[in-house]
Amino acid sequence: MDNKTMARLLEETADLMEIDGADSFRIRSYRRAAEAAEQTTIELASAVQDTARLLEIDGIGKSMASKLQAIAATGSLPQRDELLTKYGAGVLSLLKLPGMGPKTVSLLWDAAQVASIEQLAEAIDAGRLKGLPRMGAKQIEKLRKGIDDYRRSAGRFRLDVAEDEARRIVAHLLKFPGIEKATPAGSLRRGRETVGDLDVLATGPGCEPGQTAAAVEHVAGYPGLHDMIAKGENKVSFHTGLGLQVDVRLLPSASYGAALQYFTGSKGHNVSLRQRALKMGYTLSEWSLAMLEGGAMVAAATEEEIYAALKMEWMPPEMRENLGEIDAAVQGTLPRVISLEDIRGDVHMHTTASDGNNSVREMADAALKCGYKYLAITDHSKNLAMTNGLDEKRALEHIARIREVEKEMEGGIRIFTGIEVDILGDGALDLADEVLAQMDIVIASVHSRFEQPREEMTARVLRAIENPNVRILGHPTGRMLLRREPIAIDIEAVLRRAAELGVAVEHNASPERLDLNDRDLRLAKELGCKIVMSSDSHDARNLGRLDYGIRQLRRAWLTPEDVLNTRDAEGFLGGLRPRG
DNA sequence: GCCGTTTTCGGCCCGACTGTTTTCAGTCG
């Protein structure tokens with residue numbers, strides 16, 4: 001079992017304890033232990049042999065060590081199992097609804113026998129929530145909307161989760177001598193924000209027609225397999241423990257390119273491509289591009305051959321959404337979309353001054369290792385008290401510290417001073433302007449916790465970016481993938497005003513954030529809005545992990561020119577709104 | 001349940017906001 005899974009079990013136990021009304025400090029210990037399990041570089045599954053090693057981890061004491069050992073041995077935790085029996089497995093999903101915390105779950109369980117999202121929907125429809133404490137019309141409406149949003153995203157997985165699984169599956173497939181190549185396809189390869197299921201293609205001598213029996217058995221032996229859906233000659237389908245459906249397809253080498261093209265999609269792209277093939281006297285399938293008359297094969301082994309035979313440029317999978325890429329590829333006018341190598345600096349990160357894990361120096365060293373020319377330290381401001389946010393005095397001291405570290409680096413890297421301020425309920429910022437004016441970069445971030453009706457929310461953000469000290473708008477939609485829908489805001493009005501003011505808009509690369517969706521990004525480009533790519537790292541190890549965010553930019557056809565931190569340090573600063 | 005000690009107990013990130021309240025509980029970050 002990997003660290004992530006163990007962390008998840010601890011986290012779930014903490015959630016259940018909270019519903020059960022356990023001691024809050026004990027609960028916090030479980031959460032800290034879960035975080036430690038996720039963060040540590042120690043491989044827990046093997047470290048459980050050695051209790052002393054577990055105790056070295058901050059946040060793991062004697063009791064947690066034995067719990068980790070129990071998890072490793074039995075796959076679960078007695079406390080968790082007991083509470084799950086008591087409340088039912090559905091309560092954990094109830095917690096995912098916005099505005100729903102442990103107290104409300106507990107109330108619903110006690111007063112209305114609600115223990116799952118299904119039962120909550122029933123109870124709302126039956127009017128059984130009316131009259132319960134703190135359950136007014138607004139609250140019930142909020143829950144109803146939350147249920148709708150939840151149902152819409154059910155069965156989907158975040159890109160990073162799917163990619164982790166894909167990586168493990170590919171590694172497993174390549175262990176079999178008859179498999180030479182294994183590639184994830186489908187929406188994962190297109191870099192969609194979320195993925196419904198996973199297509200993995202495998203090819204090699206063991207995948208040739210009529211000889212697949214041994215390879216099929218090898219696939220079926222994947223350790224992460226939870227239950228088998230179907231097992232045929234060329235395809236094995238199963239669920240993983242998380243419920244992600246995986247289809248592994250075994251293909252002859254000669255058809256690899258055609259299959260990769262076919263299974264990468266999208267549907268619209270493939271339909272258009274097949275139409276073009278027909279017009280040219282070909283037929284395109286997952287097996288090959290062939291002559292319409294006689295069926296002689298034209299191309300099949302690689303995607304490049306197929307696109308070339310159709311007299312068009314090959315294009316990155318992210319662009320295959322039937323949004324004009326076929327015409328552009330035929331005319332040779334596909335833009336050179338941005339890639340990870342274009343990024344020259346990261347401009348949103350946290351240190352131990354607020355809620356990060358590393359010092360300014362450690363972040364700078366990590367940035368240097370990523371090949372960056374610059375970084376910006378942007379810790380939280382005081383309003384986010386739980387993050388140990390900086391007040392005016394500490395913010396000024398922090399700037400001084402950042403400047404010192406920049407000197408220590410002896411010109412190796414530029415370090416911008418900065419801060420991530422909170423936008424208050426009335427659109428004001430939570431730090432004094434005199435202090436903000438001394439920062440290289442002020443990111444004003446939208447947080448959904450103060451969500452208001454759309455008009456008010458929009459007005460609040462518009463007011464915040466009018467402040468001349470604000471140079472970047474952070475988390476413009478406040479969404480968390482699969483957890484919280486974007487906040488209700490007129491994003492077009494916000495992007496338009498930001499473009500006018502020269503305020504850059506952040507696209508956070510963290511796979512649970514991806515602040516702007518495909519449509520927002522296209523809109524931003526259209527409006528001439530400057531985009532800034534950032535990792536929002538709280539740990540030096542996450543610096544440079546921009547690939548998920550980059551893929552969204554590629555999907556929206558953004559080029560290096562559209563993104564400010566593809567420029568050098570001076571170019572980046574110069575591209576921001578001049579300081580007020 | 002963890003941790004560090006003024007070392008075997010007693011502390012443990014807390015402030016803003018919303019909705020339901022009429023003084024505050026619950027959620028979020």
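The requirement of being buried (at least 19 other Cβ atoms within 10 Å of the Cβ) and away from DNA strand B (no atom under 16 Å from the Cβ) is not satisfied by A:ALA123.
Residues in the range A:7-47 that are more than 9 Å from DNA strand B (Cβ to nearest atom) and in contact with a Ser or Thr (Cβ under 7 Å, 6 or more places away or on another chain) were compared, and the one that is farthest from A:SER106 (Cα to Cα) is A:LEU9. With the structure loaded, tell me whether A:LEU16 is in contact (Cβ under 8 Å) with a residue 40 or more places away in the chain and touching a helix residue (DSSP H, G or I) at 6+ places or on another chain (Cβ under 6 Å) or whether it fails that test. Considered against the rule, which asks whether it is in contact (Cβ under 8 Å) with a residue 40 or more places away in the chain and touching a helix residue (DSSP H, G or I) at 6+ places or on another chain (Cβ under 6 Å), A:LEU16 comes out as yes. Filtering A:LEU482, A:LEU473 for residues that are under 25 Å from the mean Cα position of the chain (by Cα) and at pLDDT below 95 leaves a single hit, A:LEU482.
Where strands (runs of 3 or more DSSP E) fall wholly inside the range A:440-527, the ranges with 2 or more residues that are in contact with a helix residue (DSSP H, G or I) (Cβ under 8 Å, 6 or more places away or on another chain) and touching a residue at least 60 places away in the same chain (Cβ under 8 Å) are A:504-508. Counting residues in the range A:230-244 that are more than 17 Å from A:GLU286 (Cβ to Cβ) and over 28 Å from the mean Cα position of the chain (by Cα) gives one or more. Here the range A:141-166 is the region considered, the condition is being among the basic types (Lys, Arg) and under 18 Å from the mean Cα position of the chain (by Cα), and the residue that is modelled with the lowest pLDDT is A:ARG152.
Figure legend. Inter-residue proximity from the range A:54-66: first residues over 8 Å from A:ALA33 (Cβ atoms), second residues in a loop (DSSP other than H, G, I, E, B) and near DNA strand B (Cβ under 7 Å from one of its atoms), beta-carbon distance below 6 Å, spacing 6+ or different chains. Indicated pairs: A:LEU54/A:ILE60.
Could you tell me whether any residue of the range A:560-567 is polar (S, T, N, Q), within 18 Å of the chain's Cα centre (by Cα) and surrounded by 19 or more Cβ atoms within 10 Å (Cβ to Cβ)? Within the range A:560-567, not a single residue is polar (S, T, N, Q), within 18 Å of the chain's Cα centre (by Cα) and surrounded by 19 or more Cβ atoms within 10 Å (Cβ to Cβ).
Scanning the range A:492-551 for residues that are among the acidic types (Asp, Glu) and under 14 Å from A:PRO476 (Cβ atoms), we see that the one that is modelled with the lowest pLDDT is A:ASP515. Within the range A:374-391, restricting attention to residues that are crowded, with 18+ Cβ neighbours inside 10 Å and of a type in the set (D, E, K, R), the residue that is modelled with the lowest pLDDT is A:LYS382.
Condition check ((1) part of a loop (DSSP other than H, G, I, E, B); (2) touching a residue at least 24 places away in the same chain (Cβ under 8 Å); (3) over 17 Å from A:LEU260 (Cα atoms)) across all residues:
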position: A:SER106; (1), (2), (3): no, yes, yes
position: A:ASP110; (1), (2), (3): no, no, yes
position: A:ILE124; (1), (2), (3): no, no, yes
position: A:ASP148; (1), (2), (3): no, no, yes
position: A:GLU165; (1), (2), (3): no, yes, yes
position: A:ARG192; (1), (2), (3): yes, yes, no
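The number of residues in the range A:395-451 being within 16 Å of DNA strand B (Cβ to nearest atom), of a type in the set (A, V, I, L, M) and crowded, with 16+ Cβ neighbours inside 10 Å comes to 9. Given the structure, is A:ILE60 under 30 Å from A:GLY146 (Cα atoms), within 13 Å of DNA strand B (Cβ to nearest atom), out of contact with any strand residue (DSSP E or B) (no Cβ under 9 Å at 6 or more places or on another chain) and of a type in the set (A, V, I, L, M, F, W, C)? No: the conditions fail for A:ILE60.
If we keep just the residues of the range A:69-86 that are within 17 Å of A:ALA14 (Cβ to Cβ) and in contact with a helix residue (DSSP H, G or I) (Cβ under 6 Å, 6 or more places away or on another chain), which is nearest to DNA strand B (Cβ to nearest atom)? Checked the range A:69-86; the qualifying residue nearest to DNA strand B (Cβ to nearest atom) is A:GLN79.
The values are calculated or read from the model by the stated rules, or taken from the named source; none is laboratory data. Given the structure is predicted, the values throughout are model-derived calculations rather than measurements. Counting neighbours? That spans all protein chains shown, and the Cβs are built from the backbone with ideal geometry, glycine included.
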